[in-house]
Structures are given as C-alpha cells and as structure tokens.
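Inspection log for the structure reproduced underneath, given as structure tokens.
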Amino acid sequence: MDKIIVLIGAPGAGKGTQARLLQERKGIPQISTGDIFREMKTLDTPLAKEVQQIMASGKLVSDNVTYRIVRDRTSRSDINGTYVLDGYPRTAIQAEQLEELAREQGKDIQAIEIDVPRDELFRRLTGRRTCPVCGEIYNIYSKPTKSDNVCDLQPDTQLSHRSDDNEESVRTRLETYETSTAPLIEYFDRTGRLEKIDGTGEVEDIYKQLETLV
Ligand SMILES: [Zn+2]
C-alpha cells in the first residue's frame, strides 16, 4: 500500500537532507509545507488567493486552511504513490486531519522520528559558521576550519555567525519544538505508527536506517 511518510525532527536534526535523499535515490516526492506556502504567494487559484489574504492581514493560517493546502498539493498528478511530508502535521489536531486525507487517498500513514539528543542539536546549531563569500558551512565542533574562524577556501575571509544561531535563541527554538511536537509524537506512538531512527551519525548512516523503513 502507498504511504504518507511523515518525517519528524528538531531543527538541526537533518530532516530536510534525508527527505531530499529519499527523493533523489528512491524517487519519493517530498512535499514541504515551507515550499507550498512560498508557492501559494505566487499562484492565482481561489485557494492561493484566500491564503494570500490571510497572510496579508497578518493572521495565522488555520489548521483547516493548512489542511486544504496540503490536500490540494498532494492531489496533483505528480504525486501518484508514496510521498514524504516535511513540516506537516505539526500538532495532534493536524495529525487527526491527516488521517482523513490518508483515507481519502487510500494511503497508510508512517511517522518516522529522526532522534537527536538536545545537546547534540545545540552544538550543531550554535557551532555553525558560514563563509560569506563561497557559502561553505563549517561547525566549530564537528567541522572546524584549519585556522581560527577563517574560511579554508578564501584564506582572508572571516566566517559569519547567524544571529538566530546564538545560544539563547537556539535554546528557545529547541524548547518550542519539544513542547509543540511532544503531543504529535505521542499521537503517532499511541496509534502504533511511530518509528524512530538514530540521527546522530553520518548522513549516509542515517539514510541507511531510513531506507530500510520506507
Ligand atoms: Zn569561503
């Protein structure tokens, strides 16, 4: 049976990377809500116009509207089998709505959590440094430069540190994630659809675990 694969992972857990690999190597389309919302800003459909109005008014897009957006996107002809959802559902209520979509599309839901301990996420996010010239990404803990804070590729270039990668905002982002996602994980666990993979190793090792599940 075809599936809706729901990837769950904290900021820094590597969810986007793994979803892209599934798409490249297994041809499983990846539907990211970030991409859908960006696309909605440019489309000229009744639903897109409704979303544009909501966003222009500064209101939050409701669960019902988000559901219709996901339903609309996943009903297009480029999706005719299993697909991966990235960024949806975010809450237990959205997860219940997804059940309805899965029934309608005749698919099973499989939730896969990419599990990374909080201190590891903290290092990944706060240690990140980027070269403003070539875009190379370093990490002071896991991928340091040869000389302190200078790009290996442009020896005269100081690396930059994004302001939302500072310790305070990373801590807040991770806490917000944990609080809002806990009920979602609990929901999938309780309904017997949750699987967990270890997200601490190399990208390829994580992918191998993922590949055996899908
Ligand atoms: Zn560089």
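The values are calculated or read from the model by the stated rules, or taken from the named source; none is laboratory data. Values in this document were obtained by computation on a predicted structure and should not be read as measured data. Cβ coordinates were reconstructed from backbone atoms using ideal geometry, including for glycine residues, and neighbour counts include every protein chain displayed. The accessibility values were calculated without ligands, DNA or RNA, using every heavy atom of the protein model including side chains. Shrake-Rupley method; radii C 1.70, N 1.55, O 1.52, S 1.80 Å.
Summary of values
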read-out	value
Simple spin-label estimate for Ile140 and Val65 in nanometres, 7 Å along Cα-Cβ	4.1
Among Leu47, Thr82, Val61 - extreme Cα towards positive end, dipole of the chain, charges at beta-carbon	Leu47
With every protein chain in place, the chain: carbon and sulfur % of accessible area (1.4 Å)	49
37 °C / 0.692 mPa s Stokes-Einstein diffusion coefficient of the chain, Kirkwood radius on C-alpha pairs, µm²/s	173
Ordering of 75-81, 192-198 by packing [mean C-beta count within 10 Å, highest first]	192-198, 75-81
Under 17 Å, Cα to Cα: Lys pairs in the chain, sequence gap 8 or more or different chains	11
Per residue accessible area of the chain, 1.4 Å probe, in Å²	55
Label point distance in nm, Lys41-Thr191, each placed 7 Å from Cα along Cα→Cβ	3.2
Burial order of peptide ranges 111-120, 37-46 (average beta-carbon count within 10 Å, highest first)	111-120, 37-46
Rough spin-label spacing in nm, given labels placed 7 Å along Cα→Cβ, for Thr91 and Val133	4.8
